[in-house]
Amino acid sequence: MAKIKKIAVLTSGGDAPGMNAAVRAVVRAAQYHKIKVVGIEHGYEGMINGEFVDLTSIDVRNIIQRGGTFLRSARSMEFKTKEGRATAHQNLVEKKIDALIVIGGDGTFTGAGLFSQEYDIPCIGIPGTIDNDIFGTDFTIGFDTALNTVVEAIDKIKDTANSHDRMFFIEVMGRDAGFIALQAGIATGAEAILIPEVEGQEDKLKEFILTESHNKKSSHIILVAEGNKLGGAHEVAKKVAEDFPDLNVRVSVLGHIQRGGAPTAFDRFLASRLGVAAVDALLDNQRSIMVGYTNHEVVHVPFNKTIKGHRNVSKELLEVADILSI
Ligand code: F6P
């Protein structure tokens, strides 16, 4: 394989705290190995539109602690088309780019997988999404920060819930996955956690409201992942209020505050390790893989495996949440 002289890096999909730290690590690791780096703004959209910017070590100073992504992000419909990918490839050829590192989630890896097959260009993925729903890695960049943001917000809501003897339905992000809801629920002592992966939650919630232990508590926190099958927090709260008119119910939707803020120490560390690992993987002639983090070790997972695989919620965690909610 020809020696890699220049690589491009982009962030794509929903942003996640720690993406900047990952870009910084890619740029510095590449420079360390005398490889040039080009940043692509607005993800695959920018690759099609030619939004390229040269990056050196100095350009990524002072960003390790910043939330969001200074390269900006987008969800590109055009990159899903053959024509879009052809234009993107042409732009990479003109810029003499030999390989690509993409930071994002499932959709990002699907795009990179197709692209590297069609154009024989090595692509390495770094998992970056607050949802932590990527198969083949224990953690994605941004999850820990989002979790801490959610926990901090719920602690505050608990203060006012207690003062007014209220049942709060709190909606957190997770269109298809309940990892934020489950872990935040355990960390804040939520009374119930409703997530997309579990069926029959309405009955369970009703049963819980009728239990003795429920009646002993004056306030309650019910965590609802946005993709939950019964609907979001507003829908669930409405149904519960209809069935139990005596309950003093309120709803709080945490929304996009979950995606912002300075990354936690863990997310900075993870992003730094995976950024270096991504460059190492390219030097090792790897292609079409994600660098993940499992059992405290960097792992390589082929794109087709991580895209096809589904990360299941742990039964043990569900049980822990159940046991502790009495
Ligand atoms: O980043 C993933 C995610 O946070 C999902 O949990 C959520 O449904 C989605 O992004 C919302 O993103 P946007 O508002 O950018 O469409």
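Were the residues from Q117 through K308 laid out at 0.36 nm apart, the gain over their Cα-Cα distance would be 67.1 nm. Where is the GNM fluctuation largest for the chain (alpha-carbon springs, 10 angstrom cutoff): V236, V224, V172? Comparing V236, V224, V172 in the GNM, the peak value goes to V236. Name the shape class, rounded, prolate or oblate, that the alpha-carbon gyration tensor gives for the range 143-259, where a ≥ b ≥ c are the square roots of its eigenvalues, rounded holds for a/c under 1.5, and otherwise prolate holds if a/b is larger than b/c and oblate otherwise. Oblate, since a/c reaches 1.5 and b/c is not below a/b.
Size descriptor for the chain, Kirkwood hydrodynamic radius: 20.7 Å (Cα pairs only, one decimal). Centre-to-centre, using Cα atoms only, the range 9-82 and the range 209-261 are separated by 38 Å. Please list, by residue number, everything in the range 184-211 whose backbone N is under 20 Å from a paramagnetic label point 7 Å out along Cα→Cβ of H164. Taking a point 7 Å out along Cα→Cβ of H164, the residues of the range 184-211 whose backbone N falls under 20 Å are 190-192.
Take the alpha carbon gyration tensor of the range 1-76, find the square roots of its eigenvalues, order them as a ≥ b ≥ c, and report rounded if a/c is under 1.5; if not, report prolate when a/b exceeds b/c, else oblate. Oblate, since a/c reaches 1.5 and b/c is not below a/b. For K5, the aspartates and glutamates whose Cα falls under 18 Å of its own Cα, not counting residues fewer than eight places away in the same chain, are D54, E94, D98, D120, D280, D284. Would you tell me the accessible area of K6, worked out with a 1.4 angstrom probe on the heavy atoms of the protein chains, in Å² to the nearest 10? Accessible surface of K6 is approximately 50 Å². Using R0 = 25 Å, the C-beta based FRET efficiency linking K206 and V151 works out to 0.40.
Which residue, G142, L223, G185, has the largest displacement toward the positive end of the dipole of the chain when charges sit on each Cβ (Lys, Arg +1; Asp, Glu -1)? Highest projection toward the positive end goes to G142.
Treating each Cα of the range 87-178 as one equal point scatterer and applying the Debye formula with no solvent, the log10 of I(q)/I(0) at q = 0.17, 0.19, 0.22, 0.25 Å⁻¹ comes out as -0.81, -0.91, -1.05, -1.18. Excluding same-chain neighbours fewer than eight residues apart, the lysines reachable from K80 by a Cα-Cα span under 21 Å are K305, K308. Surface composition of the chain: carbon plus sulfur atoms hold 51% of the accessible area, using a 1.4 angstrom probe and ignoring ligands, DNA and RNA. Over the range 59-120, the fraction of Cα-Cα pairs per 5 Å bin, rounded to whole percents and listed from the shortest bin up, is 3, 14, 24, 23, 17, 11, 7, 1. Under 17 Å from a point placed 7 Å out from the Cα of H33 along the Cα-to-Cβ direction: which residues of the range 57-81 have their backbone N that close? Correct set: 57. Computed over protein heavy atoms with a 1.4 Å probe, the accessible surface of the range 143-259 works out to 46 Å² per residue. Taking 24 Å as the limit for the C-alpha separation, the pairs K217/K239; K158/K206; K156/K204; K238/K315 exceed it in the case of K156/K204; K238/K315.
The values are calculated or read from the model by the stated rules, or taken from the named source; none is laboratory data. This one's a predicted model, so the numbers in the text were calculated from it and none came from an experiment. With ideal geometry, Cβ positions are generated from the backbone for all residues, glycine too; neighbour counts draw on all protein chains shown. Side chains are part of the model used for accessible areas, which takes the heavy atoms of the whole protein and leaves out ligands, DNA and RNA. Shrake-Rupley method; radii C 1.70, N 1.55, O 1.52, S 1.80 Å.
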